[in-house]
Amino acid sequence: QVHLVESGGGLVQAGGSLRLSCAASGSIFSVNALGWYRQAPGKLREWITTMTYGGDIHYANFANGRFTISRDNAKNTMYLHMNSLKPEDTAIYYCYVDTDLRRDWGQGTQVTVSS
């Protein structure tokens, strides 16, 4: 099992930027992919981005051009850099890691974008 802890969320005005962090620990073996989802109140959980172990990156349409996923293997940390934030980006953001056996999730970090 991989333990994931998100940080970096908070309150930001429309047009601003945030960088979310996701620190991993535990059984970090056989990782196939990692990425981010978000969930707004009353909405379904929504996929944002995925990075494969080999470095291939995919984004949802709403994220493409505004959001960037990256990772620092030395720190066992992944990041989501968000630019040009909009009120509709307000949600709880969750990181995840896929292994051969399971998908593990962080507890989430709240992002609130004010207008």
*Take region 10-29 and flag every residue that is under 12 Å from the mean Cα position of the chain (by Cα) and within 20 Å of ASP104 (Cβ to Cβ).*
LEU20, SER21, CYS22, ALA23
*Counting residues that are charged (D, E, K, R) and in contact with a strand residue (DSSP E or B) (Cβ under 9 Å, 6 or more places away or on another chain), which strands (runs of 3 or more DSSP E) fully inside region 7-79 reach at least 2?*
67-72
*asked:* As an exercise: evaluate TYR53 against (1) closer than 13 Å to ASP98 by Cβ; (2) touching a residue at least 24 places away in the same chain (Cβ under 8 Å); (3) more than 14 Å from the chain's Cα centre (by Cα) and give the number of the one condition it does not meet.
replied: (2)
*Please determine, by comparing only the residues of region 58-80 that are touching a Lys or Arg at 6+ places or on another chain (Cβ under 8 Å) and of a type outside the set (S, T, N, Q), which one is surrounded by the fewest Cβ atoms within 10 Å (Cβ to Cβ).*
TYR79
*asked:* When the residues of region 80-107 are narrowed to those that are part of a loop (DSSP other than H, G, I, E, B) and polar (S, T, N, Q), which ends up nearest to ALA24 (Cα to Cα)?
replied: GLN107
*Could you please tell me which pairs satisfy a Cβ distance under 8 Å, a separation of 6+ or placement on different chains, a first residue in region 84-108 that is farther than 12 Å from LEU34 by Cα, and a second residue that is open to solvent by less than 40 Å² (accessible area, probe 1.4 Å) and of a type in the set (Asp, Glu)?*
TYR93/GLU6; GLN107/GLU6; GLY108/GLU6
*Which residues, counting only those in region 39-57, are surrounded by 15 or more Cβ atoms within 10 Å (Cβ to Cβ) and polar (S, T, N, Q)?*
THR49, THR50
*Conditions (1) within 22 Å of GLN110 (Cβ to Cβ); (2) touching a Phe, Trp or Tyr at 6+ places or on another chain (Cβ under 8 Å); (3) open to solvent by 60 Å² or more (accessible area, probe 1.4 Å): number failed by ASN32*: (1)
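The values are calculated or read from the model by the stated rules, or taken from the named source; none is laboratory data. On a predicted model such as this, the values are computed, not experimentally measured, just so you know. Every residue, glycine among them, receives a Cβ derived from its backbone with ideal geometry; neighbour counts consider all protein chains shown. Just the protein is used for accessible areas: all its heavy atoms, side chains included, with ligands, DNA and RNA removed. Shrake-Rupley method; radii C 1.70, N 1.55, O 1.52, S 1.80 Å.
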